[in-house]
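K.L.:
Following this message is one structure expressed as structure tokens.
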Amino acid sequence: MNNFEYVRAEGLDGAARFVAGHHGAKFIGGGTNLVDLMKYNVEKPTALVDLNRLAMRSVTELPYGGLRLGALVTNSEVAYHPVVSAKYPLLSRAILAGASAQLRNKATTGGNLLQRTRCVYFYDTAVPCNKREPGTGCPAKEGINRSMAILGTSVSCIATHPSDMCVALAALGATVQVAGTQGSRSIPFAEFHRLPGDQPQVDTTLAVDEIVTSVDLPAAGFAGHSAYIKVRDRQSYAFALVSVAAGFELADGIITKAGIALGGVAHKPWRNAELERSLLIGKPANRDTYHAFQLALLAGAQGYGENDFKLKIAPVTVVRAMEQAAHEGEQA
Amino acid sequence: MNTHLIGTDVNRIDGPAKVSGAAKYAAEFFAPDLLYAVAVSGAIAHGEIDTIDTAEAMKVPGAVEVFTHKNRPHVSWFNKSYLDEDAPVDGKPLRPLYDAKIFFSSQPIALCVAETFEAARYMSRLVQVTYTSLTHQTDMKIAVQEAKKVTSSNRDGIEAPPKPRGNSARAYADAPVKIAKGYLSPTEIHNPMELFATTVIYNDDHTLTIYDKTQSVTNSQMYVCNIFGLSKNDVRVESPFVGGAFGSALRPQYQLFLATLAAKALKRSVRLTLTRDQMFTLGHRPETLQEIRLGANQDGQLLALHNESMQATSRYENYFEVIANWSGLSYLCENATMEEKTVSMDTSTPGDMRAPGAAQGVWAIETAMDELAVATGSDPVDLRLRNYADKDQNHGKKYSSKELKACYTQGAARFRWNERVATPRSERRGTALVGRGMAGGVWESPQMPAAAKATLAADGTLTVASGTADIGTGTYTMMAILAGEALGLPLGRVVVKLGDTELPVAPLEGGSWTVASVGSAVSKACKAVAERVFTLAAGINESPLKHASFQDVDFLNERIVLRDDPSKFVTLQSALEQGEGKPIEEKADSGPNMFKQHGYKSYTHSAVFVEVEVDEDFGTVSVCRVVSAIAGGRIINHEAAQSQIIGGIVWGIGMALQEQAETDHQFGRIMNHNFAEYHVPVNADVHDIDVIFVKEEDDIVNPIGAKGLGEIGLVGVAAAIGNAIYNATGVRVRELPITLDKLI
């Protein structure tokens, strides 16, 4: 770890201005990923602006029926919040499938969105990595890539986004509220994370001085029909090889609303709302529908050797999650 | 023998100290002049350091020194000075910072020393290194072409394969049933919870007190003395508590060398703790490829057996462990050939890791036996009984005891083995296929020379001491039980000392021999004390024991009691008063009784039964039920014994399903060097585990009749899980770990 300056943020504006004015400064929330990366010499911030005293620690119900999760609300608090459990069980399930109890107690809502890939090359400064040091190369493509992406990859990077929570947020269609020196704005969840392209070092569409202030959930939370399935190498404290968050609203067996997102397969939670509109809405909730949808959703998926198995697992995981979501609440 | 402690459930006596933080580990000792060190790891697998620039590092406030091969103080240049008790005698052990040569990725190349840990760590980031790389090879599948045959032992107790027996090639050719398969096991890394650490206290008289994470203080002391040209009187090594080791601390690791080098050079106390990532740069379980051929008749009776084993090793030491021999040991077969080969690669030298060799060797043969059961339509237990050996097949010697049949019977009954359907894919639960499998396990139970001291103070407190180690296995408690047993004392009256070169010398704490070796020495020393106490008791005026001999009495509840008439006794206190308050001290050496043990071999055995659920779509495996029946001689501490076996089974779950060092061969570097990426089981992976100890009496194995249990719990578990997975899915996986991608 290197020396760095520590600044406690007293207000959003001051914090944003500080980071805008200090090259290499970063915000810190729970620090469950950033501190690790600092110890690994991957992140070398010149200053840390500690956001933990800011008033972003509450969960509030929004006037139109949605729910606002303050950026500093911990993952555990979200997962066990009574309104979340009742109206957004998909989110609770996804959060509890991730990390460990200790990490969830410390990790924040905003930080969860901003965690970086767990690619082993990204973490080890002895080897090249385009995400860590642009232009050095991507050894993962021909190396250890069991956990790597099969969708939306680029020549320069095949890393995945590691979050479980974000997969559920993508399926729910959440909105990310941010504030910076240029003011505040709302970012639809699908536009928050980006694909690697030729700038794999950039994970999100957030500006350097922008702070996530909250994540807003829409009024409709798939409370009746949702499922989160995570396929992984051990039953806890393992990143998803493939995960699927599936949510439906059904009327007489017909899908009226759907949100299907995948984790562990791309640089961002993978969702295609257009396909949902064309292949799910108005269709009967049955295997044929799910099968047709997964074929379209996963078209173009590509393996890199060790991760070829994801091409087999992803389709069945999508179908099973959709089945489970549709049948939720039914007697077995 | 009358017993009040042996075989009962005894909580570890060091438990309160451990959970309250009073137990101090190597990195927790302090001195006012303490300096902090951080080791710098190299980035390439093979080559030389061109330049190493420490100028920026030395500018850090609090920086004291950066040691490299350029400025290191004088150390011995003889390779043999770096040997230790567990080193291959024909190798050239790693000499850290000796010269510019790089033998493996992450080799230590510099040591940053500072007034604070934070400064030392910051310095380690500022050391600039350039290299000239040479070609490297870390891919055993390619390096295997240069395999070298093992013809003789180069470490104590590690045997080369026995001469072939019979004519296995012809017998195989003629056999009506044949199994010929290759079995691959990966590199696995020891990862004890406690990081490797050494604190060297630089004393005013220039002597060193070294707190080291080690399985042998004697070995660490010898290593330091030989390299730095010190006398034993100048170096005291202590290691009172070790937070797990599993074989990784049998050999001195480089933090001991580096911390000592810095302390001597700077004449200051120095602490060096390795990082979790650096834990992946030490010894490891070597990757293996075993080509097994079994020939059998239609009933599954073995006619021919081959194991051609290949194992990875480093370029600088021809380390090997016994892998192939386990195939030929336990089953009756007149025609058997075992071969062992090493494959040198640009990695660190492998090291003994819990059940070294047997973990992989028994996994392969027990998987092959399951394949033979399938091929001959035999029940796996019946098949093993059909080939049951009453003699050690490799050495042609009798067993001192072998209650493996009882393990099969009692294990099968507890597991309800009769409910198993032999045909794969016969049972489902929801989306999961259910399967059941079993395997046998075996490990050696040797006794090594060991010494111990017992001192009974005037207040009736008994102190027993031996320079052994407690690596979490329960050595403290075992010593207390045997001592309390011998003198009729409750555990609260017994003090145990270990892990100190000032104490009587004990062997390396490993190989499952500590109970047998140190336990026997403790028993013997305590018995000698008891004899002297008896003499005092009998010498009391009007003593009720006046006409008795030592053989006639028991030591129970702080009394010396006449066995035939328990109303006649002398209290321990009275006997000690008779001794006028002088402590009674006895030292004892104990070693194998060659006369008694001649013609015998001793082993622990197990039968492991496993039920798995395998998700049909995802290939995810849940080990829902394990029953392990153990024949381990006399059980000293039932609770600790059970914990050992449970721990071994959990380890076996990891070996079967998760553990694997992932090497990028382009860089010759292990890449998953942390606990997030290198998987071992978490609680959620561990379900029902049931342990049975079958009765096994053995008065040949050692004086206390106990066999070590450190390794046997693991052996056979991975095979039993793999066999259960086959029963569930019909898929046979011959490459560990059995990750889900291999099952879909």
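The values are calculated or read from the model by the stated rules, or taken from the named source; none is laboratory data. Everything numeric in this text was worked out from a predicted model, so none of it was measured. All Cβ positions, glycine included, derive from the backbone under ideal geometry; neighbour counts span all protein chains shown. The protein model used for the area step is the full one, side chains on, heavy atoms only, and it has no ligands, DNA or RNA in it. Shrake-Rupley method; radii C 1.70, N 1.55, O 1.52, S 1.80 Å.
K.L.:
If you take every residue apart from B:THR455 with its C-beta less than 12 Å away from the C-beta of B:THR455, what net charge results, scoring Lys and Arg +1 and Asp and Glu -1?
P.N.:
On the way: positive: B:LYS453, B:LYS497, B:ARG532, B:LYS582, B:LYS587; negative: B:ASP459, B:GLU585, B:GLU586.
With Lys, Arg at +1 and Asp, Glu at -1, the neighbours total +2.
K.L.:
Still on this structure, please answer the following. Evaluate the distance, in nm, between pseudo-label points positioned 7 Å from the Cα of B:ASP459 and of B:ASP234 along their respective Cα→Cβ axes.
P.N.:
Each label point is offset 7 Å from its Cα along the Cβ direction, giving 3.9 nm.
K.L.:
Could you give the size of the charge dipole of the protein assembly as shown about its Cα centre, using +1 on the Cβ of each K and R and -1 on the Cβ of each D and E, expressed in debye and rounded to the nearest 20?
P.N.:
Numbers: 103 positive and 118 negative charges, 171 e Å.
About 820 debye.
K.L.:
Still on this model: If you place +1 on the Cβ of every Lys and Arg and -1 on the Cβ of every Asp and Glu, how big does the dipole about the Cα centre of the stretch A:200-332 come out, in debye to the nearest 20?
P.N.:
The calculated dipole for the stretch A:200-332 is roughly 360 debye.
K.L.:
Counting pairs of Cα atoms in the stretch A:1-125, how many percent are more than 19 Å apart?
P.N.:
Values: 4196 of 7750 pairs.
When every Cα pair of the stretch A:1-125 is considered, 54 percent fall beyond 19 Å.
K.L.:
Quick one: Debye curve from the C-alpha atoms of chain B, no solvent, what's log10 I(q)/I(0) at q = 0.07, 0.09 Å⁻¹?
P.N.:
Reported log10 I(q)/I(0), two decimals: -0.53, -0.85.
K.L.:
Moving to a separate point now. Need the list of lysines near B:LYS92 for cross-linking: C-alpha distance under 20 angstrom, and skip anything on the same chain fewer than eight residues off.
P.N.:
B:LYS80, B:LYS101, B:LYS148, B:LYS149, B:LYS341
K.L.:
Let me ask another. Lys and Arg at +1, Asp and Glu at -1: add these up for the other residues within a Cβ distance under 13 Å of B:ASN637 and post the number.
P.N.:
Around B:ASN637, the surrounding residues sum to -3.
K.L.:
How big is the accessible area of B:TRP326 in square angstrom, nearest 10, if you roll a 1.4 angstrom probe over the protein chains?
P.N.:
20 Å²
K.L.:
May I ask for the distance between the Cα centers of the stretch B:480-546 and the stretch B:205-281, given as a whole number of Å?
P.N.:
Taking the Cα centre of the stretch B:205-281 as reference, the centre of the stretch B:480-546 is 30 Å away.
K.L.:
Trypsin sites (Lys or Arg not before Pro), restricted to the stretch B:643-732: which are DSSP loop and have at most 14 other Cβ atoms within 10 Å?
P.N.:
B:LYS695
K.L.:
Residue farthest toward the positive end of the dipole of the protein assembly as shown, with Cβ of Lys/Arg at +1 and Asp/Glu at -1: which of B:GLY581, B:MET222, B:TYR36?
P.N.:
B:TYR36
K.L.:
Can you give the accessible area of B:SER602 in Å² (nearest 10), computed on protein heavy atoms with a 1.4 Å probe?
P.N.:
30 Å²
K.L.:
Count the DSSP beta bridges whose two residues both fall in chain B, then state the antiparallel fraction as a percent rounded to the nearest 5. Spell out each step's value before the answer.
P.N.:
On the way: 101 of 133 bridges.
Here the share of antiparallel DSSP bridges comes out near 75 percent.
K.L.:
Moving on to the next point. Whenever you get a sec, line up B:ASP90, A:ASP36 from highest to lowest accessible area (probe 1.4 Å, protein heavy atoms). Please report the intermediate quantities before stating the final value.
P.N.:
On the way: B:ASP90 100, A:ASP36 65 Å².
Correct descending sequence by accessible area is B:ASP90, A:ASP36.
K.L.:
Ignoring everything but the protein chains, give the 1.4 Å probe accessible area of B:HIS306 in square angstrom, nearest 10.
P.N.:
In the full protein context, B:HIS306 sits at about 20 Å².
K.L.:
How crowded by other chains is A:312-320, given as the mean number of beta carbons from other chains within 10 Å of each beta carbon?
P.N.:
Values: counts 5, 7, 0, 1, 5, 2, 0, 1, 4.
What the average comes to for A:312-320 is 3.
K.L.:
How large is the charge dipole for the stretch B:447-591, taken about the Cα centre, if only the Cβ atoms of Lys, Arg (+1) and Asp, Glu (-1) carry charge, to the nearest 20 debye?
P.N.:
80 debye
K.L.:
Something else now. Projecting each Cα onto the charge dipole of the protein assembly as shown (Lys/Arg +1, Asp/Glu -1 at the beta carbon, about the Cα centre), which of B:SER643, A:GLY14, A:HIS267 comes out farthest on the positive side?
P.N.:
It is A:HIS267, whose Cα lies furthest towards the positive end.
K.L.:
Taking chain A as a Gaussian network, Cα atoms linked when under 10 Å apart, which of A:PRO200, A:PRO162, A:PRO134 shows the biggest mean-square fluctuation?
P.N.:
Highest fluctuation of the listed residues: A:PRO134.
K.L.:
Please report the net charge: other residues with Cβ closer than 13 Å to the Cβ of B:ALA87, K and R +1, D and E -1.
P.N.:
Residues near B:ALA87 contribute -2 overall.
K.L.:
Considering only C-alpha atoms, what is the centroid distance from the stretch A:140-200 to the stretch B:668-689, in Å?
P.N.:
Cα centroid to Cα centroid, the span is 26 Å.
K.L.:
Something else now. Would you kindly state the longest site-free stretch of chain A, with sites defined as GluC sites (Glu not before Pro) in a DSSP loop (not H, G, I, E, B) surrounded by at most 16 other Cβ atoms within 10 Å?
P.N.:
The reported range is A:11-329.
K.L.:
Here's something else I'd like to know. With every protein chain present, what is the per residue accessible area of chain A (1.4 Å probe, Å²)?
P.N.:
Per residue, chain A has an accessible area of 40 Å².
K.L.:
Show which lysines lie in cross-link reach of B:LYS18 when reach means a straight Cα distance below 16 angstrom and same-chain residues fewer than eight apart are skipped.
P.N.:
Those lysines meeting the cut-off are B:LYS213, B:LYS497.
K.L.:
In square nanometres, what is the average projected area of the Cα convex hull of the stretch B:44-127? The partial results should precede the final answer.
P.N.:
Working: hull surface 25.9 nm².
Across all orientations, the stretch B:44-127 yields a mean hull projection of 6.5 nm².
K.L.:
With labels modelled as points extended 7 Å from the Cα through the Cβ direction, what inter-label distance (nm, one decimal) is found for B:HIS547 paired with B:SER426?
P.N.:
7.0 nm
K.L.:
Further question: For the protein assembly as shown, state the semi-axes of the equivalent ellipsoid (square roots of 5 times the eigenvalues of the alpha-carbon gyration tensor), sorted largest first and rounded to whole angstrom.
P.N.:
Here the semi-axes work out to 52, 37, 30 Å.
K.L.:
Would you mind checking B:LYS402/B:LYS596; A:LYS39/B:LYS264; A:LYS39/B:LYS742; A:LYS310/B:LYS141 for any pair whose Cα atoms are more than 23 angstrom apart?
P.N.:
Checking Cα-Cα distances, A:LYS39/B:LYS264; A:LYS39/B:LYS742; A:LYS310/B:LYS141 exceed 23 Å.
K.L.:
Let me ask something else about it. Work out the P(r) tail for the stretch B:295-366: percent of alpha carbon pairs separated by more than 16 Å, whole number.
P.N.:
53 percent
K.L.:
Ratio to report: Rg/Rh of the stretch B:447-591, with Cα atoms as the point set and Rh obtained by the Kirkwood method; give two decimals.
P.N.:
Values: Rg = 15.4 Å, Rh = 15.3 Å.
Using only Cα positions, Rg/Rh for the stretch B:447-591 is 1.01.
K.L.:
Given bins 10 angstrom wide, list per bin the percent of all Cα-Cα distances in chain A, short to long.
P.N.:
6, 26, 35, 24, 8, 1, 0
K.L.:
Something else now. Ranked by accessible surface with a 1.4 Å probe, highest first, in what order do B:SER606, B:SER574 come?
P.N.:
B:SER574, B:SER606
K.L.:
Sticking with this structure for a sec: Using +1 at the C-beta of Lys and Arg and -1 at the C-beta of Asp and Glu, which of B:GLY247, B:ALA296, B:PHE415 has the Cα lying farthest in the positive direction of the dipole of the protein assembly as shown?
P.N.:
B:ALA296
K.L.:
For B:SER567, B:SER309, A:SER236, what's the largest-to-smallest order of accessible area, 1.4 Å probe?
P.N.:
If we order B:SER567, B:SER309, A:SER236 from most to least accessible, we get B:SER567, A:SER236, B:SER309.
K.L.:
Sticking with this one: State, in square angstrom and to the nearest 100, the accessible area buried between chains A and B, both chains counted, probe radius 1.4 Å.
P.N.:
That pair of chains buries around 3000 Å² in total.
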